[in-house]
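The values are calculated or read from the model by the stated rules, or taken from the named source; none is laboratory data. The structure displayed is predicted, hence computed values, not measured ones. Cβ: placed from backbone, ideal geometry, glycine included. Neighbour counts: every protein chain shown.
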Amino acid sequence: MAKVNFTADRVAAFQCETGKQQSIMWDAKTPGLGLRITAAGARSYIFETRLQGKTLRITIGDVRTWTVAKAQAEATRYKAQTDQGIDPREVRASQRAQADAAQLETRRQAVTLESAWPVYLAARKSKWGDRTYTDHVKLADKGGQTKKRGKGETGAGPLAALLPELLTDLTGERIARWLNDEAASRPTSAALSYRLLRGFIRWSADIPEYSGLVPSDAYTARAVRDALPKVKTKEGDCLQREQLKDWFTAVCKIGSPVISTYLQALLITGARREEMAALRWDDIDFKWRSLSIRDKVEGSRIIPLTPYLAALLETLKRINNTPPPVKKLRSGARPPAEWAPSPWVFSSSSSESGRLAEPRIAHNEALAVAGLPHLTLHGLRRSFGTLCEWVEVPSGVSAQIMGHKPSALAEKHYRRRPLDMLRKWHDQIEEWVLAQAGIQFQPAPASLKIVGK
């Protein structure tokens, strides 16, 4: 159709031809500018020209938001670009990409540790053990919740003070100030929190959403190294040979056989507290005297089951497999759910997980009764490693039983002792410990049956 000079009235009066899906009216004043109307009544300005031998058409915009003058100016700009061989669509796409990148960078710059920390935990949870994951949650907890044990509310973890901070503000100076504040009241927790934060910073450097946000010297600056508290082993956090008798006497008198056996198992095996607490009955082989431990480093390890510990666990298993007495129900009361033995070796009817959760209270009470200095559960693991030296056990043997990484080239590549060799030494360790504790234990002799031809 013939070109006309666009005016507001002509644009408003233009109608789609009957029987067509769309009609176009071209502006006589501005090359390439057209007005398109569809059968449904939608009106928009378009620009059309030839570029590199092909027809190029671009939608400028709706007539309700674009005046005639603005549409003409936009078409003129497109025409100037195409005359230079530039595709306006590529220019618009580039501008849109730049705008999107700017918005993304603005959002990146606004990321706080509080928003990135849960993402970090979710990404790394499968790589950690339960204890490691719990530490990350606990040390970043804001507190203010009712305590499960005792009165009052929980306190905030050391990392909670940094949660509101932007990642870009986690400078070495800021981390050093935080360490100084936290180390004044809880140096051990502050040092552990620093190590967790350092792991997060290293991880974030490889994640596109967070890469480059945390300053490169955030955890290596001299001010941070100077503020990092020097954590020392708790004095006395290890049983001495002469303390074994008092310790065993008090622990064996604990009313709960589950807790009593658990504490003795920690000392006899040198296992980590969560490794032993997670022990299931399926992990115990009484016939071949072995324990399958869920190792937080290697994933799992198999260690010997010593005679005395086996006897304790067999007693515990009989208790576990004995159903509780049936109580007479009152009229209208619901019958209890069908009873089944617990799959956990160290079970607990009061914990959500069904296994032992808090043995420290009973242990601390036993220490007080025995008149012994404070000893952590990890101190029992440390005690095993120390007491092994009295039996002159090769260091590689005790390390393999405890689940320590090999500390020398030969241990790492050439020493992998079979279970029967570990058992030889482990039995000697237990026998010596029991002798020092004044416990007379005689393993039941294995029955021998000769099968005739």
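Selection within the stretch 17-47: residues that are touching a Ser or Thr at 6+ places or on another chain (Cβ under 7 Å) and within 27 Å of residue 92 (Cβ to Cβ). The member of this set that is surrounded by the most Cβ atoms within 10 Å (Cβ to Cβ) is 30.
Quick check: anything in the stretch 87-96 surrounded by 11 or more Cβ atoms within 10 Å (Cβ to Cβ) and acidic (Asp, Glu)? Yes, the conditions are met somewhere in the stretch 87-96. Pairing residues of the stretch 164-185 that are touching a residue at least 24 places away in the same chain (Cβ under 8 Å) and within 17 Å of residue 139 (Cα to Cα) with residues that are among the charged types (D, E, K, R) and assigned to a helix (DSSP H, G or I), at Cβ distances under 8 Å and at least 6 apart in sequence or on separate chains, gives 164/114; 165/174. When restricted to residues that are acidic (Asp, Glu), part of a loop (DSSP other than H, G, I, E, B) and farther than 23 Å from residue 355 by Cβ, the stretch 127-158 contains 0. Of the residues 101, 71, the single one that is in contact (Cβ under 8 Å) with a residue 60 or more places away in the chain and either surrounded by fewer than 13 Cβ atoms within 10 Å (Cβ to Cβ) or not assigned by TED's automatic domain parsing to the domain that holds residue 197 (or both) is 71. Selection of helices (runs of 4 or more DSSP H) fully inside the stretch 239-306 by the criterion of at least 2 residues being touching a Phe, Trp or Tyr at 6+ places or on another chain (Cβ under 8 Å) returns 257-269, 273-277. With respect to the conditions (1) assigned by TED's automatic domain parsing to the domain that holds residue 315; (2) over 26 Å from the mean Cα position of the chain (by Cα); (3) not small (Gly, Ala, Ser), residue 222 lacks only one, and its number is (1). Within the bounds of the stretch 198-206, is there any residue that is over 24 Å from residue 132 (Cβ atoms), assigned to a helix (DSSP H, G or I) and of a type in the set (D, E, K, R)? No: the stretch 198-206 contains no residue that is over 24 Å from residue 132 (Cβ atoms), assigned to a helix (DSSP H, G or I) and of a type in the set (D, E, K, R).
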